[in-house]
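Visitor: Please read through the structure below; I'll follow up with questions.
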Amino acid sequence: MITLPIQQWTFGIRSKPTDIPASQQQLQEENSQLRVQLAQMQEVQKDNQALHDQFQTTTPTPQKLLPANVVGTQQNALLIDKGDQDAIHKGDVVVYKNNIVGKVASTTPHISLVTLLTDPSTSFTAETVKTSASGIVKAQDGGSIVLDNVVLTDKLEKNDIVITKGNLDMQGNGFPPELIVGKIISIDKQASSLFQSAKVQSLVSVGQLRMVFVMTGAN
């Protein structure tokens, strides 16, 4: 009469360790699923924040903007997940907030190639915000951006912001005014030269972009 309960109690103690690994495995699986869900939620929050930030800007106007995800990179270019079927055209300007990312160079039904400001084809008029110095934004070898052809009488200052001056044609091709190109990080001025130039650094880390916005109404 006494032995049986003790045996049952002893068996119960011995059987518990066999249940622990299964319980731990279940907890690990649940934790793994929660981590995946949390990561997915964080990615959605990032995208939502990017949308919110973009549409809080005043330039360009929100109704001209089409969100697009960055799906690939090439030398001096990005691939985005919008194309012909989304009413994107060659020459459309691509921005992040008020910063220029680049221009649509070619399209397929669902993908577009966006050339960055570091592409050799870059050339458009711009000016500085603080001193109103005018010049031409160009790309140089090595992936750098310069504000070139600035007359010596214009004043260039380090950390001054460079913006587009506006060079749209009758068809709407080109850059609208007051988009941010970047900030001046160095100046090349020589008395023997007719012009001076400044090296410009974009305010956007292109390599970290997940989402950009196409100005479909600019063309």
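Visitor: Looking at D148, is it touching a Phe, Trp or Tyr at 6+ places or on another chain (Cβ under 8 Å) and acidic (D, E)? Give the steps one after another, and end with the answer.
Guide: Values: touching a Phe, Trp or Tyr at 6+ places or on another chain (Cβ under 8 Å): yes; acidic (D, E): yes.
Criteria met by D148.
Visitor: Let me ask something else. Give me the residue from the stretch 113-135 that is surrounded by fewer than 21 Cβ atoms within 10 Å (Cβ to Cβ) and in a strand (DSSP E or B) and, out of that set, farthest from the chain's Cα centre (by Cα).
Guide: Filtering the stretch 113-135 for residues that are surrounded by fewer than 21 Cβ atoms within 10 Å (Cβ to Cβ) and in a strand (DSSP E or B), the one farthest from the chain's Cα centre (by Cα) comes out as S134.
Visitor: Moving on. For T216, which of the numbered conditions (1) surrounded by 15 or more Cβ atoms within 10 Å (Cβ to Cβ); (2) of a type in the set (V, I, T); (3) out of contact with any helix residue (DSSP H, G or I) (no Cβ under 9 Å at 6 or more places or on another chain) fails to hold?
Guide: T216 satisfies every listed condition except (3).
Visitor: Looking at V181, V162, V146, which one is within 24 Å of L78 (Cβ to Cβ), touching a residue at least 60 places away in the same chain (Cβ under 8 Å), out of contact with any helix residue (DSSP H, G or I) (no Cβ under 8 Å at 6 or more places or on another chain) and not assigned by TED's automatic domain parsing to the domain that holds N69?
Guide: Values: V162 fails: touching a residue at least 60 places away in the same chain (Cβ under 8 Å); V146 fails: touching a residue at least 60 places away in the same chain (Cβ under 8 Å).
Going through V181, V162, V146 in turn, just one is within 24 Å of L78 (Cβ to Cβ), touching a residue at least 60 places away in the same chain (Cβ under 8 Å), out of contact with any helix residue (DSSP H, G or I) (no Cβ under 8 Å at 6 or more places or on another chain) and not assigned by TED's automatic domain parsing to the domain that holds N69: V181.
Visitor: Still on this structure, please answer the following. Suppose we filter K103, K138 for residues that are assigned by TED's automatic domain parsing to the domain that holds N167, on the phi < 0 side of the Ramachandran plot and either out of contact with any Gly (no Cβ under 8 Å at 6 or more places or on another chain) or surrounded by 14 or more Cβ atoms within 10 Å (Cβ to Cβ) (or both); which single one remains?
Guide: K138
Residue by residue, here is whether (1) within 15 Å of K138 (Cβ to Cβ); (2) assigned to a loop (DSSP other than H, G, I, E, B); (3) touching a Gly at 6+ places or on another chain (Cβ under 7 Å) holds:
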{"position": "D148", "(1), (2), (3)": "yes, no, yes"}
{"position": "D154", "(1), (2), (3)": "no, yes, no"}
{"position": "E157", "(1), (2), (3)": "no, yes, no"}
{"position": "G166", "(1), (2), (3)": "no, yes, no"}
{"position": "D169", "(1), (2), (3)": "no, yes, no"}
{"position": "P176", "(1), (2), (3)": "no, yes, yes"}
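Visitor: Another question about this same structure. Filtering the stretch 75-89 down to residues that are in a loop (DSSP other than H, G, I, E, B) and either under 25 Å from D141 (Cβ atoms) or β-branched (V, I, T) (or both), which residue is nearest to the chain's Cα centre (by Cα)?
Guide: This residue is N76.
Visitor: A follow-up question, please. Surrounded by fewer than 16 Cβ atoms within 10 Å (Cβ to Cβ) and outside any helix (DSSP H, G or I): is that true of H110 in this structure? Spell out the reasoning first.
Guide: On the way: surrounded by fewer than 16 Cβ atoms within 10 Å (Cβ to Cβ): yes; outside any helix (DSSP H, G or I): yes.
In short, yes.
Visitor: Within the stretch 141-190, work out how many residues are among the polar types (S, T, N, Q), closer than 19 Å to V93 by Cα and loosely packed, with under 14 Cβ neighbours inside 10 Å.
Guide: The number of residues fulfilling the criteria is 1.
Visitor: I'm trying to understand the selection: among the residues of the stretch 104-143, which are closer than 30 Å to N69 by Cβ, in contact (Cβ under 8 Å) with a residue 40 or more places away in the chain and not small (G, A, S)?
Guide: Residues satisfying the conditions are V104, I111, V114, L116, L117, T118, D119, P120, F124, V137.
Visitor: Out of everything in the stretch 191-205 that is of a type outside the set (S, T, N, Q) and loosely packed, with under 14 Cβ neighbours inside 10 Å, what residue ends up being nearest to the chain's Cα centre (by Cα)?
Guide: First pass over the stretch 191-205, keeping only residues of a type outside the set (S, T, N, Q): 191, 194-195, 198-200, 203-204.
Going one step further and asking which of them are loosely packed, with under 14 Cβ neighbours inside 10 Å, we end up with 191, 194.
Numbers: A191: 38, L194: 36 Å.
Top of the filtered list is L194.
The values are calculated or read from the model by the stated rules, or taken from the named source; none is laboratory data. Note that the coordinates shown come from a computational prediction; the quantities given were computed from them, not determined experimentally. A quick note on method: Cβ atoms are made from the backbone with ideal geometry, for glycine too, and the neighbour counts reach across all protein chains shown.
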